[in-house]
Each structure stands twice: as structure tokens, then as C-alpha cells.
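Structure record follows, encoded as C-alpha cells.
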Amino acid sequence: ITKFLKDNFDKFFKNFCDLLMSDVFHVKLQALKLLSEILQKRENFSVMVKFISYPSHLHLMIDNLCADDSREKGMKFQAFHVFKFFVANPKKGKTILNVLRARRTEILKTLIEMKRTEEQSEIEYGRELPLLIDRIRELE
């Protein structure tokens, strides 16, 4: 799978992003879950680095993370686990930083609400949620 993703990155993710923008809840949810699994695999590190270098991918993750629909809890959870790669990347490009700064208020509002409303936020997000909140707050 890794070789295929590397060799067909642009074509694959162009089509895959269509799934991430689907109006069908379960299609979008499963696409986010699959994306999270792909990017977390060590053998896909170069694919993950390339994926998180695209501002359009970041916008898509923020849109899914910050969605208002009440049934989006699972969506937020899956989007969070992709979004964290953008924030944690120590070599973020200027365009990625600009997107994070431009949408900082929206992101913080969502992350703080997730922390406040999730009884099990520490179980679901571990220490990553407070860390991401701190990292986003630090953006100026």
C-alpha cells in the first residue's frame, strides 16, 4: 500500500478528498477513519509528511473538526487524529502556519469545547488534546 500511495499520491488523494467532503455522513466518517489509520502507520511516514504539507488538506481537517452538527462527535474524533499531525509537525511550512493562524479562534473554540464536554476526553485524546490547545494558543 505504501508504494502505491507514494507512486499515486496526487491522483489518490484528489479522489480521496472527495470522500472527505461527502454529504453522506458515514462515507465521510469512514474516510476520516481510514485516513487516520494510513497516516499513523510508520511505513507511511513520507506519505503523511506530504499530506500535511497541503493547506487544502488542513482546511478540510479543520472543517471536519469544527463541524457544528451534533452527530459529528465521531467525525471530530477522527478529524482530530489527522489534524494533530499538522499541528505537531516541527517543520510546518509558512502556508500551513498561515492557515492555522487564520483559523486559530475557530480551532481553539472547538478544541476547548471538546475538552470541556468530553467526560472521557483524556481517555479518547490522551494528553494530545491539551497539548494541541497549547500549541494553537501559542500561534501569533
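The values are calculated or read from the model by the stated rules, or taken from the named source; none is laboratory data. In this text the structure is predicted, and so the values were computed from the model without any measurement. Positions of Cβ are generated from backbone atoms using ideal geometry, with glycine treated the same way; all protein chains shown enter the neighbour counts. These area figures cover heavy atoms from the full protein model, side chains too; ligands, DNA and RNA do not enter into them. Shrake-Rupley method; radii C 1.70, N 1.55, O 1.52, S 1.80 Å.
A few comments on the model shown:
- Relative to the longest principal axis of the Cα atoms of the chain, the long axis of helix 73-88 lies at roughly 80 degrees.
- Computed from the C-alpha gyration tensor, the three semi-axes of the ellipsoid equivalent to segment 66-118 are 22, 12, 9 Å, from longest to shortest.
- In units of the rule-of-thumb radius 2.2 N^0.38 Å, segment 1-51 shows an alpha carbon radius of gyration of 1.12.
- For the set Lys41/Lys73; Lys11/Lys76; Lys73/Lys109, the pairs lying more than 20 angstrom apart at their alpha carbons are Lys41/Lys73; Lys11/Lys76.
- Gyration tensor (alpha-carbon) shape descriptor, segment 1-116, a/c threshold 1.5: oblate
- A simple spin-label model places pseudo-atoms 7 Å from Cα toward Cβ; at Arg101 and Lys11 they are separated by 3.8 nm.
- The modelled label-to-label distance for the pair Val49/Ile112, using points 7 Å beyond Cα in the direction of Cβ, is 3.5 nm.
- Averaging the sequence gap over all C-alpha pairs within less than 8 Å and six or more residues apart, then dividing by the number of residues, gives the chain a relative contact order of 20 percent.
- When all protein chains stay in place and ligands, DNA and RNA are ignored, the 1.4 Å accessible-area order of Val49, Val99, largest first, is Val49, Val99.
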